[in-house]
Amino acid sequence: MKRENGLDVLIIGGGMITQDLILPSVYHLQRLGRVRKVTVCALNSAPLRALKDSAELKQAFPGQDFDPLPALTQPPAKMFPDLYRQALARLAPRQVVIVAVPDQFHYEIIKTALQHHQHVLCVKPLVLKYDHAHEIEQLARDRGLFVGVEYHKRFDRRALMARRHYALGHFGQFAMGEARMIEPYYYRHSNFQNWFTCDQTDPFVYVGCHYVDLVYFITGLRPAALSVSGFKGRFPNGKQAFLWANGRVRFENGALLTVTDGLGYPDAAAGSNDQGLLMYCEGNDACGMIEHIDDDRGVRHSYLDNIGCAGSKYNYVSPDFYRLVPWEGPGFKPTGYGYDSVAANLETMSRIETQTAALPEKRALPRRRTLIAEVDRQGLIATPANSFINELVVEAARLSIVTDGAWVDISYTPRPRVTPRS
Ligand SMILES: NC(=O)c1ccc[n+]([C@@H]2O[C@H](COP(=O)([O-])OP(=O)(O)OC[C@H]3O[C@@H](n4cnc5c(N)ncnc54)[C@H](O)[C@@H]3O)[C@@H](O)[C@H]2O)c1
């Protein structure tokens with residue numbers, strides 16, 4: 001295993017997304033020589049113990065390990081909400097920080113990471129307010145640091161194909177569409193109970209943003225207004241949450257996208273979740289259409305034991321997002337657009353560092369800014385500069401859902417902002 005090159009990686013957050021995507025992707029990049037030391041910092045030692053003990057991770061990445069913060073000897077329930085600050089202070093400058101904590105903590109942690117001169121990859125949504133995204137963009141640009149947002153659906157081949165054909169005019173102009181993402185019921189029993197509450201977030205903000213971002217990614221059209229309504233219920237621990245949400249997003253050309261989201265896909269069902277996108281477009285005396293059936297990608301497994309999603313045996317298995325598969329090396333490798341997205345972000349940070357390593361700081365800083373501006377312009381990897389429509393959408397959605405669907409306008413001049421419609 002090559003370890004001499006690459007950047008050190010600090011993952012902040014040790015929950016579901018770290019286990020299911022981030023850590024395996026980082027481990028694979030480590031054995032490719034692009035990552036050196038890996039540290040995972042969580043609120044308490046319990047999730048870190050679960051990551052260490054994961055039979056799947058041990059089997060896929062034999063001999064690979066991470067430094068846990070707090071130490072595993074700490075009582076599982078003892079909380080360390082500020083330990084990430086020490087972890088950041090200990091990291092050499094211009095390494096990689098991956099932020100994988102609940103949405104409402106992203107802003108503070110990203111800002112602190114940038115103040116410690118670190119590149120940042122943040123799980124979506126970057127932050128919950130446009131002003132915060134703008135501040136992060138400025139702070140990162142001033143210091144020549146890269147901030148990427150892990151909107152992995154942008155790396156799904158079907159989205160990349162749609163973006164190319166749309167740009168070439170093969171579909172016409174987006175007019176009317178619908179998207180849905182219903183996550184599994186069993187999420188209600190997870191740590192979500194502690195943070196996915198009505199006052200903090202909702203299913204539209206949590207997963208609806210993926211498809212709003214995707215329509216923007218495919219068409220380049222910016223959202224201009226939205227209305228989101230929710231359906232409330234209680235988690236097993238009694239906390240109240242929006243368990244379902246339905247939104248309508250109007251784009252700047254007048255097109256409408258209906259988005260339905262929830263935490264309620266039956267654990268007994270085969271799809272692991274329900275998701276897809278349908279877009280109708282207006283052409284010259286003809287209509288175009290884009291349809292992505294994202295929950296059933298044509299592969300079915302029926303296992304002997306209950307090893308499928310939510311302990312099921314029969315599953316529609318997606319080979320596209322993230323799977324561990326045999327490769328030419330030891331263990332298994334992660335494959336899919338989830339891995340591609342993490343890899344693209346970390347490789348961008350590596351490239352920025354490699355291409356400026358030999359330059360004096362006076363020349364390195366403008367060169368770093370130029371490289372970052374190229375990624376912003378290209379618009380493939382989501383960055384604060386090229387994906388801030390998502391913060392506007394999230395901010396508007398939160399205003400709308402607490403008023404049960406009142407329309408909120410999104411404008412871009414003289415500066416981007418959201419305004420409840422009177
Ligand atoms: N499809 C996707 O892109 C996708 C999927 C799942 C989650 N996410 C995002 O990932 C983030 C985390 O989601 P999750 O499902 O992993 O949640 P989770 O509840 O399973 O895990 C959250 C983790 O954050 C840690 N944490 C909280 N506060 C911390 C602090 N102060 N310092 C260090 N660690 C802290 C907790 O210990 C826990 O390990 C959310 O922003 C969510 O929106 C994205």
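The values are calculated or read from the model by the stated rules, or taken from the named source; none is laboratory data. This structure is a prediction, so every number in the text was calculated from the model and none was measured. Counting neighbours? That spans all protein chains shown, and the Cβs are built from the backbone with ideal geometry, glycine included. Keep in mind that these areas ignore ligands, DNA and RNA; they rest on the heavy atoms of the full protein, side chains included. Shrake-Rupley method; radii C 1.70, N 1.55, O 1.52, S 1.80 Å.
Observations, loosely collected:
- Residue list for the range 384-401, restricted to those being in contact with a Gly (Cβ under 7 Å, 6 or more places away or on another chain) and in a loop (DSSP other than H, G, I, E, B): Asn386
Results for (1) part of a strand (DSSP E or B); (2) polar (S, T, N, Q); (3) in contact with a Ser or Thr (Cβ under 9 Å, 6 or more places away or on another chain); (4) modelled with pLDDT under 95, shown as yes or no for each residue.
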{"residue": "His210", "(1), (2), (3), (4)": "no, no, no, yes"}
{"residue": "Ser227", "(1), (2), (3), (4)": "yes, yes, yes, no"}
{"residue": "Ala241", "(1), (2), (3), (4)": "yes, no, yes, no"}
{"residue": "Gly247", "(1), (2), (3), (4)": "yes, no, yes, no"}
{"residue": "Val259", "(1), (2), (3), (4)": "yes, no, no, no"}
{"residue": "Leu263", "(1), (2), (3), (4)": "yes, no, no, no"}
{"residue": "Ser272", "(1), (2), (3), (4)": "no, yes, yes, yes"}
{"residue": "Leu277", "(1), (2), (3), (4)": "yes, no, no, no"}
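Quick grid of which residues meet (1) acidic (Asp, Glu); (2) touching a helix residue (DSSP H, G or I) at 6+ places or on another chain (Cβ under 9 Å); (3) at negative phi:
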position	(1), (2), (3)
Gly336	no, yes, no
Lys362	no, no, yes
Ile389	no, yes, yes
Leu392	no, yes, yes
Thr403	no, no, yes
Tyr412	no, yes, yes
Val418	no, yes, yes
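- Some residue of the range 33-42 being near the ligand (Cβ under 8 Å from one of its atoms) and under 30 Å from Arg369 (Cα atoms): yes
- Residue in the range 272-286 that is farthest from Ile389 (Cα to Cα), counting only those that are in contact with an Asp or Glu (Cβ under 9 Å, 6 or more places away or on another chain) and buried (at least 19 other Cβ atoms within 10 Å of the Cβ): Ser272
- Residues that are assigned to a strand (DSSP E or B) and open to solvent by less than 50 Å² (accessible area, probe 1.4 Å) within the range 17-52 comprise Val35, Val38, Thr39, Val40, Cys41, listed in sequence order.
- Being in contact (Cβ under 8 Å) with a residue 12 or more places away in the chain, aliphatic (A, V, I, L, M) and within 16 Å of the ligand (Cβ to nearest atom) is true of Met181.
- Where a residue in the range 15-30 is more than 13 Å from Thr335 (Cα to Cα) and small (Gly, Ala, Ser) and its partner, wherever it lies, is assigned to a helix (DSSP H, G or I) and near the ligand (Cβ under 8 Å from one of its atoms), with Cβ under 7 Å and at least six apart: Gly15/Pro47
- All positions within the range 295-347 that are away from the ligand (no atom under 16 Å from the Cβ) and among the aromatic types (Phe, Trp, Tyr): Tyr303, Tyr314, Tyr316, Trp327, Phe332
- Some residue of the range 173-185 being over 30 Å from Lys239 (Cα atoms) and of a type in the set (S, T, N, Q): yes
- Residue selected from the range 214-225 under the condition open to solvent by less than 10 Å² (accessible area, probe 1.4 Å) and not in a strand (DSSP E or B), by the criterion nearest to Glu183 (Cα to Cα): Leu214
- Residues in the range 189-199 that are open to solvent by 10 Å² or more (accessible area, probe 1.4 Å) and within 11 Å of the ligand (Cβ to nearest atom): 6 in all.
- Among the residues here, Val149 does not qualify as away from the ligand (no atom under 13 Å from the Cβ), among the β-branched types (Val, Ile, Thr) and either within 18 Å of Gly15 (Cβ to Cβ) or in contact with a helix residue (DSSP H, G or I) (Cβ under 9 Å, 6 or more places away or on another chain) (or both).
- Complete set of residues in the range 102-125 that are in a helix (DSSP H, G or I), open to solvent by less than 10 Å² (accessible area, probe 1.4 Å) and more than 13 Å from the ligand (Cβ to nearest atom): Leu114
- Unique residue being within 16 Å of the ligand (Cβ to nearest atom), under 17 Å from Asp261 (Cβ atoms), in contact (Cβ under 8 Å) with a residue 24 or more places away in the chain and not polar (S, T, N, Q) when the list is Asp156, Asp202: Asp202
- Any hit, the range 131-148, residues being farther than 25 Å from Gly6 by Cα, modelled with pLDDT of 95 or more and not in a helix (DSSP H, G or I): no
- Check on Leu10, modelled with pLDDT of 95 or more and within 9 Å of the ligand (Cβ to nearest atom): no
- Within the range 71-91, tally of residues that are more than 10 Å from the ligand (Cβ to nearest atom), part of a loop (DSSP other than H, G, I, E, B) and open to solvent by less than 50 Å² (accessible area, probe 1.4 Å): 3
- Search result, residues across the range 132-166 that are of a type in the set (A, V, I, L, M), surrounded by fewer than 19 Cβ atoms within 10 Å (Cβ to Cβ) and closer than 21 Å to Gly276 by Cα: Leu160, Met161
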